[in-house]
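For reference, the structure is listed below as structure tokens.
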Amino acid sequence: MSQDTKDRLLKFLRECRERDDRATFANLRCALRDNLKHRAWPILARFGGIDDSTKDYDHYAKVVQTIAGLFAAHPKEISNVDFGLECRGLMRDDEKLYDPKDVGPVGKRFQYLLSSEREEICDRVIRFVLRMKAQDIPVNYDELFDGLLYWGDKAKAKWAGSFWNASQLEEVFE
């Protein structure tokens, strides 16, 4: 996978948003459902979004399908913010962030997300982004693409650091 392919995919998605191409977005949303993802394949083929039939799990294709489907469902974007901080925006005012004995529902779900293996992460992220849509929270799809594609300790630590923001932890304990 090259940076160019990701850039082409995001450029294509942004152009569809600008044109208000509802038919394309309807087909791309099908990529989020296993029994309908074949409807998105004609569009996603040029971006590597069709599963490799020789593999049990094609992570790159799953990331392309996830990003395209989520963008089609929730095209509101932001830059310079990572997914951990976006997830933090889902918290209610009464949720406790720093009390390990009383973690709120978003905090628990976020911990569950961080415990994901590579084969699970895309499916778990879908739920978060759809909730962000419901609460009108924009998503940084460029950063999300990279986080999903290179899922591992580095991405987990970056998102966790943003969610639990170490500088704010210091303020709470001072």
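Each value in this text was obtained by applying a stated rule to the coordinates, not by laboratory testing. What you are looking at is a predicted structure, and each value in this text was computed from that prediction instead of being measured. Positions of Cβ are backbone-derived with ideal geometry, glycine not excepted, and every protein chain shown enters the neighbour counts.
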Exercise. Suppose every K and R has +1 on its Cβ and every D and E has -1 on its Cβ; what is the size of the dipole of the chain about the Cα centre, in Debye to the nearest 20?
Worked result: 680 debye
Problem set entry | Efficiency of FRET from Cβ geometry, Asp21 and Ser79, R₀ 25 Å, rounded to 0.05 | 0.65
Problem set entry | Under-5 Å amide H pairs with Glu77, H placed in peptide plane, nonlocal only | Val139
For this session: Name all residues of the range 113-139 having a backbone nitrogen under 17 Å from the label point set 7 Å from the Cα of Arg92 along its Cα→Cβ direction, giving them as ranges.
Result: 131-132, 134-136
Problem set entry | Segment Glu120-Asp153, length gained on full extension (0.36 nm per residue, minus Cα span) | 10.4 nm
Exercise. By a straight-distance test (C-alpha under 23 Å), which lysines pair with Lys55 as possible cross-link partners, with residues fewer than eight away in the same chain excluded?
Worked result: Lys6, Lys37
